[in-house]
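Read through the structure below, which is laid out as structure tokens, and then see the notes.
The values are calculated or read from the model by the stated rules, or taken from the named source; none is laboratory data. Keep in mind the model is a prediction, meaning the values are calculated, not measured. As a convention, Cβ positions derive from the backbone with ideal geometry for all residues, glycine included, and neighbour counts pool all protein chains shown. To get the accessible areas, we keep the full protein, side chains included, count just its heavy atoms, and leave off ligands, DNA and RNA. Shrake-Rupley method; radii C 1.70, N 1.55, O 1.52, S 1.80 Å.
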Amino acid sequence: MTRIALGVVYDGSGFCGWQSQPSACGVQDAIEAAIASIAQHAVRVHAAGRTDTGVHASCQVIHFDTESTRPISAWVRGVNANLPETVRVEWAVEVDSAFHARFSAYSRRYEYLLYNAPVASALMAKKSGWFHLPLDYSAMQKAAGYLIGEHDFSAFRASECQASSPVRTMHQAEVTQTKLTENKAYFQFNFNANAFLQHQVRNMIGALIYIGKGAHPPEYMQTLLQSRNRTLSPPTFSPHGLYLIGVGYDAKWGLPIGEREPVAVNKNLSIRI
């Protein structure tokens, strides 16, 4: 039995999330079917993180076990030939049987891209979130700082989350801004943690936007953390601007991986991953 790790990129717009579903609408379903066509047997893949419906990935890592012997290139070119154009395998590596895409990872990095303008962008409808009122950049920057460190993130945890503990360590929580015109801008929210709870990033984005629009002061973020009460937090924000852009692994696994650069925004309202 051979264990293979793959680096996967996908546009989550047309999928019901990463996880396999009875209706076969998950990214996992598409990838497992494509790999099985090359392996000539059924496979089960395991991912570094489960992304929600509509969430994208520029650096998802998965692994699977196979009884088949194939050139390593077959797990890239062959699998890609059987995938929809919105999903691609970028690299493949044979790994030790002790490697696990989820449990061997020591960090995950997400970025949220938000378009802030009176009217939503038609071109970026599925690639960024949108908020219509002006947002206070400095207030959101200050509020994000309260998220750094080890915390109980119950206030930002989905009710159906199955994680055994709500405690996570946030290594990075930053906000940057790209002004386009006087009343148009992109905000980029970057989060790096050992792991994330279900809907955690989208719930934190919701709180940051409430702070940015002036509904609460930056200290509201600290209040929410200390409350450990999801019912006190703002609604879960749209998934469309969320990207999994990095997964951290020890160099001993030999993966050709590094954290991706943040989603780049230019003045023509387009993005580059």
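May I ask you to list the lysines whose Cα is less than 26 Å away from that of Lys126, ignoring any residue fewer than eight positions away on the same chain?
Candidates past the 8-residue exclusion: Lys179, Lys184, Lys213, Lys267.
Going by a 4.7 Å Cβ-Cβ cut-off, which cysteines of the chain have no partner at all?
Cys with no partner Cβ under 4.7 Å: Cys59, Cys161.
What angle do you read, to the nearest 10 degrees and between 0 and 90, between the alpha-carbon axis of helix 200-212 and the longest principal axis of the chain?
Once rounded, one gets 20 degrees.
How large is the dipole of the stretch 1-94 about the Cα centre if only Lys and Arg carry +1 and Asp and Glu carry -1, each at its Cβ, rounded to the nearest 20 debye?
120
Putting +1 on Lys and Arg Cβ atoms and -1 on Asp and Glu Cβ atoms, find which of Ala34, Leu242, Pro84 reaches farthest to the positive end of the dipole of the chain.
Farthest towards the positive pole: Leu242.
Where does each of Ser37, Ser121, Ser138 land when they are ordered by accessible area, with a 1.4 Å probe and the largest first?
Most to least solvent-accessible, the answer reads Ser138, Ser37, Ser121.
Hey, in the GNM for the chain with a 10 angstrom Cα cutoff, which one of Tyr115, Tyr137, Tyr243 fluctuates hardest?
Per the Cα network of the chain with a 10 Å cutoff, Tyr137 tops the list.
Compute the separation of the alpha-carbon centres of the stretch 228-248 and the stretch 135-193 and state it in Å as a whole number.
So the separation of the two Cα centres works out to 8 Å.
Find the relative contact order for the stretch 79-236 and round it to a whole percent, using C-alpha pairs within less than 8 Å whose residues are 6+ positions apart.
27 percent.
Using only the C-alpha atoms of the stretch 44-107, find the volume of their convex hull and express it per residue in Å³.
Dividing the Cα hull volume of the stretch 44-107 by its residues yields 111 Å³.
Highest mean first, how do 39-50, 176-187 rank when packing is the count of other Cβ atoms within 10 Å averaged over residues?
Highest to lowest by the protection proxy: 39-50, 176-187.
Please compute the contact order of the stretch 1-119 in relative form: average sequence separation of alpha-carbon pairs under 8 Å and at least six residues apart, divided by the residue count, as a percent.
37
Compute the projected area of the convex hull of the Cα atoms of the stretch 145-268, averaged over all viewing directions, and report it in nm² to one decimal place.
Convex hull of Cα atoms, orientation-averaged projection: 9.4 nm².
Using a Förster radius of 30 Å, what is the FRET efficiency between Thr169 and Ser138 based on their Cβ-Cβ separation? Nearest 0.05, please.
0.70
Going from the alpha-carbon gyration tensor of the stretch 78-219, what semi-axes, largest first and in whole Å, does one get by taking the root of 5 times each eigenvalue?
Details: eigenvalues 183, 106, 32 Å².
Taking √(5λ) for each Cα gyration eigenvalue gives 30, 23, 13 Å.
If the viscosity is 1.306 mPa s and the temperature 10 °C, what Stokes-Einstein diffusion coefficient in µm²/s follows for the stretch 1-120 when Rh is the Kirkwood radius over Cα pairs?
Calculated translational D: 107 µm²/s.
Using a 7 Å offset from the Cα along the Cα-to-Cβ direction at both Gln177 and Thr53, what is the distance between the two label points in nm, to one decimal?
3.3
Cα convex hull of the stretch 192-261: how many Å³ per residue?
Cα convex hull per residue, to the nearest whole number: 127 Å³.
What is the distance in Å between the Cα centres of the stretch 35-55 and the stretch 89-120?
Here the answer is 14 Å between Cα centres.
Report, for the chain, the % of DSSP beta bridges that are antiparallel, rounded to 5.
90
What is the chain's relative contact order, in percent, from Cα pairs under 8 angstrom and six or more apart in sequence?
Relative contact order, the chain: 22 percent.
Got a number for the accessible area of Ile38? Probe 1.4 Å, square angstrom, nearest 10.
Ile38 has an accessible surface of roughly 30 Å² with all protein chains in place.
For the chain, with equal point scatterers placed on the C-alpha atoms only and solvent neglected, what are the log10 I(q)/I(0) values from the Debye formula at q = 0.07 1/Å, to two decimals?
-0.26
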